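Encoded as structure tokens, the structure appears first; notes follow it.
The values are calculated or read from the model by the stated rules, or taken from the named source; none is laboratory data. This one's a predicted model, so the numbers in the text were calculated from it and none came from an experiment. Here Cβ is always computed from backbone atoms with ideal geometry, including for glycine, and neighbour counts include all displayed protein chains. Quick note on the areas: whole protein, heavy atoms, side chains included, nothing else; ligands and nucleic acids left out. Shrake-Rupley method; radii C 1.70, N 1.55, O 1.52, S 1.80 Å.
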Amino acid sequence: MEPHTLFDYEALAEPRLDRPAWLFYSGGAGHEVTLRANRDAFDRIRLLPRMLQGAKAADLRTRVLGAEVSMPILVAPTAFQGLACPDGECATASAASAVGTLMVAATEATRSLEEIAAVATAPLWFQLYVYDNQRALAESLVRRAEDAGYRAIAVTVDAPRWGRKDRSIGHDFDLLPGMGTPNVGDIDLEPAALSWRDMDWLRSLTSLPLLLKGILTPQDALLALAHGADGIIVSNHGARQLDTVPATIEALPAIAEAIAGRCELYLDGGVRRGIDVMKALALGARAVLIGRPILWGLAVNGPDGARHVLELLRDELELAMVLAGRPTIASIDASLVRL
Ligand SMILES: Cc1cc2nc3c(=O)[nH]c(=O)nc-3n(C[C@H](O)[C@H](O)[C@H](O)COP(=O)(O)O)c2cc1C
């Protein structure tokens, strides 16, 4: 089967992955109410196209925290990409760079942040986990990211503990022999229960832009702004933490209204089609990120698969923008959608 959609990649990836890795990648928290909602909520939104706009092609270029990217589709941080293909995060970095878009490298990557930076020619952000009693480690990761040329730090705020996925119970996965998480070494780490005070500490560590990843309410979005965030990633961690939280596309409008343009908003969770990207932009996101589809691309065809996933989504978005009569990013606004 030739993959023509991101769903095709998912179907092709499943038999290529070890069962525990597949379950770890694909699963969501609890009995996956939010995992389904992340998709269903996108499908429920109706598009209201404008006609006679005189455009046969669309311009997808945009800026994310000042950095130019070829399209408003970025790569979300996902741990342990080495389970999907041998080059892991370096394969992803070359795929994202080939299409001119930004990758967020994960703290729990199977390649070091320096190795990833050595491959990437497009901008990078670094996703930071802070671990229990490991402030010095967090600070050193921020320094290393600065030194390696990362453009921003995205601190994940939705994981004081790991969510529990029914599907994965009894199916623990192991990293392959020789595979580790070189950013943090071999120490056994527990996530820290961060507080808003810790955000002030993180803000004071670096002059790089700071994003908070995992915000779902306008209240927390306003606190993020008050604590100096330059950006917010509206995210439910791919529905992997607390089941029955809203779909991210449902959470976005109220957050966009509260923030009113005072910092940049991003969204991830369930983005699988070009029309999903357009809907997220219409509701206030500057760009979206995709998590699992990149893993499917890696599993099916290594860096070429991850690149093809990004190209498929890009081409879908480009066609959708033309058919919707919104041929530029700036022309996508709330009048495009009916909730
Ligand atoms: C296998 C897997 C591992 C992930 N690891 C991380 C991580 O290390 N740090 C993080 O902030 N988010 C992590 N996430 C969440 C993603 O960054 C992102 O929020 C989510 O995957 C987006 O949803 P999608 O997979 O439906 O596109 C992970 C998600 C998956 C599926």
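Any idea of residue 331's accessible area? Nearest 10 Å², probe 1.4 Å.
The value for residue 331 is about 40 Å².
Report Rg (one decimal) and Dmax (nearest whole number) for the range 168-275, counting Cα atoms only, units Å.
Gyration radius and largest Cα-Cα distance of the range 168-275: 16.7, 49 Å.
Take each of the peptides 303-316, 216-229, 263-276, 16-29, average the number of other beta-carbon atoms within 10 Å over its residues, and list them starting from the highest.
263-276, 303-316, 16-29, 216-229
Return the Cα extents of the chain along principal axes one, two and three, sorted largest first, each rounded to a whole Å.
Per principal axis, max minus min of the Cα coordinates gives 60, 49, 39 Å.
I'd like the accessible area for residue 80: 1.4 Å probe, protein heavy atoms, all chains in place, Å² to the nearest 10.
Probe radius 1.4 Å; accessible area of residue 80 about 30 Å².
Going highest first, how would you order 240-247, 86-93 by mean Cβ packing within 10 Å?
The most tightly packed comes first, giving 86-93, 240-247.
Hey, with R₀ at 56 Å, roughly what FRET efficiency would residue 201 and residue 52 work out to, going by the Cβ-Cβ distance, to 0.05?
Result of the calculation: an efficiency of 0.55.
What would the Debye formula give as log10 I(q)/I(0) at q = 0.15, 0.23, 0.24, 0.27 Å⁻¹ for the alpha-carbon point model of the range 176-215, no solvent?
Once normalised to I(0) and log-transformed, intensities are -0.59, -0.94, -0.96, -1.02.
Excluding residue 20 itself, what net charge comes from residues whose Cβ is under 11 Å from its Cβ, given Lys and Arg +1 and Asp and Glu -1?
Taking every other residue near residue 20 into account, the sum is -1.
Give me the accessible area of residue 1, 1.4 Å probe, in Å² rounded to the nearest 10.
Answer for residue 1: close to 140 Å² accessible.
Ordered by packing density, taken as the mean number of other Cβ atoms within 10 Å over each peptide's residues, highest first, how do 249-260, 121-132 rank?
Highest to lowest by the protection proxy: 121-132, 249-260.
Using the charge dipole of the chain (Lys, Arg: +1 at Cβ; Asp, Glu: -1 at Cβ; taken about the Cα centre), state which of 259, 270, 327 has its Cα farthest towards the positive end.
327
Could you estimate the translational diffusion coefficient of the range 228-277 from the Stokes-Einstein equation, with Rh from the Kirkwood formula over C-alpha pairs, at 25 °C and 0.890 mPa s, in whole µm²/s?
D = 209 µm²/s.
If you find the alpha carbon centre of the range 174-238 and of the range 304-339, how far apart are they in angstrom?
29
In nanometres, what is the gap between the two model label sites at residue 315 and residue 14, each 7 Å from Cα along Cα-to-Cβ?
2.5
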